[in-house]
1. More than 25 Å from residue 128 (Cβ to Cβ), surrounded by 15 or more Cβ atoms within 10 Å (Cβ to Cβ) and aromatic (Phe, Trp, Tyr): does that describe residue 84?
2. Quick one: residue 127 ticks every box in (1) of a type outside the set (Val, Ile, Thr); (2) touching a residue at least 40 places away in the same chain (Cβ under 8 Å); (3) more than 18 Å from residue 74 (Cβ to Cβ) except a single one, so which number is it?
3. Go through the stretch 117-170 and give me each residue that's over 22 Å from residue 183 (Cβ atoms) and among the polar types (S, T, N, Q).
4. Just a yes or no: is a residue in the stretch 27-36 aliphatic (A, V, I, L, M), surrounded by 13 or more Cβ atoms within 10 Å (Cβ to Cβ) and in a loop (DSSP other than H, G, I, E, B)?
5. Just checking, which of 12, 21 is in contact (Cβ under 8 Å) with a residue 24 or more places away in the chain and in a loop (DSSP other than H, G, I, E, B)?
6. Please specify each residue of the stretch 161-200 satisfying the condition of being at pLDDT 65 or above, acidic (Asp, Glu) and in a helix (DSSP H, G or I).
7. Could you run through the stretch 102-128 and say how many residues are under 17 Å from residue 27 (Cβ atoms), more than 17 Å from the chain's Cα centre (by Cα) and of a type in the set (Ser, Thr, Tyr)?
8. Would you mind finding the one in 47, 42 that is at pLDDT 95 or above and over 18 Å from residue 135 (Cα atoms)?
Amino acid sequence: MSTVSHDVIARLRLLTPVRPLTLSEAYALSELHANRLLELQGVRKPGPVDLLWIRDLPRVRIIPRPRHEMPTLAGFTQWEDGQYKIYINRNSNLGRRRFTLAHEFGHVITWNGRKVIYSRLGGGDSEKHDRQLEQVTDHFAACLLMPRRYVKQAWTMGIQDIEALAELFKVSASAMRVRLTYLGLLDNPDRPLETLFRRENPFISLPQAIAA
């Protein structure tokens, strides 16, 4: 049984600084949000992270749609009629649906502060801004569904097959491959040299918080 309370969005927004973030800070914040959610759920071991509690949140509605109504989209979120409406492609496979729901909930968390905290992304290039925003939100979903600690725990226990790990965490094999590469458990020979010398999780100061 999930222990996530109905005020979880407000509680997560209290962790969000009201200032423009660098890209690395935005990544760090998304992982902070995911880790706090894992704490609230009492996740203690490798396995599929429950997402069903999202449907019970006030002002949040999950709306499955067939592929023909959203042919190029896995999902999207709109604020409409006093609700966050999360549209999910019902014809995607289970792993994709779970990742999409987690991704869209990441947008909900930062919805009311996104114009401030993400204003520096893209450096003035709107397409790059949107691409980086989606990458940051993908990172939130990855951290929530494939927690760093428990993916590494499963790996050291001997579960090192990508398909097996994907099945354990109920995500797609492609998402698991990306996560394992990010965590350094799979080698990425094409990784740019400069990323080897960049701090991964910079400290985030919290001078004040975005109101719920």
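The values are calculated or read from the model by the stated rules, or taken from the named source; none is laboratory data. Being a predicted model, the structure only gives us computed values, none of them experimental. Counting neighbours? That spans all protein chains shown, and the Cβs are built from the backbone with ideal geometry, glycine included.
1. Judged against the criteria, residue 84 is a match.
2. With respect to (1) of a type outside the set (Val, Ile, Thr); (2) touching a residue at least 40 places away in the same chain (Cβ under 8 Å); (3) more than 18 Å from residue 74 (Cβ to Cβ), residue 127 is out only on (2).
3. Those that are over 22 Å from residue 183 (Cβ atoms) and among the polar types (S, T, N, Q): 119, 126.
4. Checked the stretch 27-36: no residue is aliphatic (A, V, I, L, M), surrounded by 13 or more Cβ atoms within 10 Å (Cβ to Cβ) and in a loop (DSSP other than H, G, I, E, B).
5. Answer to the check: 21.
6. Passing the criteria: 163, 167.
7. Residues meeting the conditions: 1.
8. Values: 42 fails: at pLDDT 95 or above.
Only one candidate passes the filter, namely 47.
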